[in-house]
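Only one structure is covered here, and it is reproduced in the block below.
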Amino acid sequence: MEKGGPPTGGEQLRERVRQLLSGEAASGPEPLQFRRAGSIEARGLPLATEIDAKGSSWALATELLERYEMPFQWDASHRRILVGALDVVPRFQDDAVQASVGWPLFEMTLERSSVPVILRGIVRQDRAWCRVLEFAEELGISVAYDPFRLLERRGG
């Protein structure tokens, strides 16, 4: 439920139910806002991005996967993108997108059974968005800076 909270989350859940029943519940977190549109280069071509208040670049996950010719399918029942790449070794960093951003989350995993999450992103306006740098780090894509751009997949 919350980072550093009880391992079961049961007490947090009971407290939230008590707040809801008493009418004291505070509104949820302010949804992450995109501040401005941008564009970066990915594999030599422009890619539309959105920049949040912290300066992170976000892009549509499907556009990134298509740009890198990685097959995928959307699993709506689990709000998950299944990626058909055999050469990805998920690392899933601790700084992954959390529910506190105020949008529903989606997960990206490999199609193989019982594999860990590659990354999390947000579902905004019925589209899956992920942080561009996190996508690159998790899927082995080289990055250059000044200006920020995505290059080719390493070993892929």
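The values are calculated or read from the model by the stated rules, or taken from the named source; none is laboratory data. It should be emphasised that the depicted structure is a prediction, and the values quoted were computed from it without experimental measurement. Don't worry about glycine lacking a Cβ; one is built from the backbone with ideal geometry, like all the others, and counts go over all protein chains shown. These area figures cover heavy atoms from the full protein model, side chains too; ligands, DNA and RNA do not enter into them. Shrake-Rupley method; radii C 1.70, N 1.55, O 1.52, S 1.80 Å.
What the table below lists for this structure:
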| item | result |
| --- | --- |
| Mean accessible surface per residue for the stretch 36-147, computed with a 1.4 Å probe while every protein chain stays in place, in Å² | 53 |
| Rough spin-label spacing in nm, given labels placed 7 Å along Cα→Cβ, for Arg112 and Tyr145 | 3.2 |
| Asp87-Arg18 pseudo-label distance in nm [points 7 Å out on the Cα-to-Cβ vector] | 5.5 |
| Cα-only radius of gyration and Dmax that characterise the stretch 40-93, units Å | 13.0, 35 |
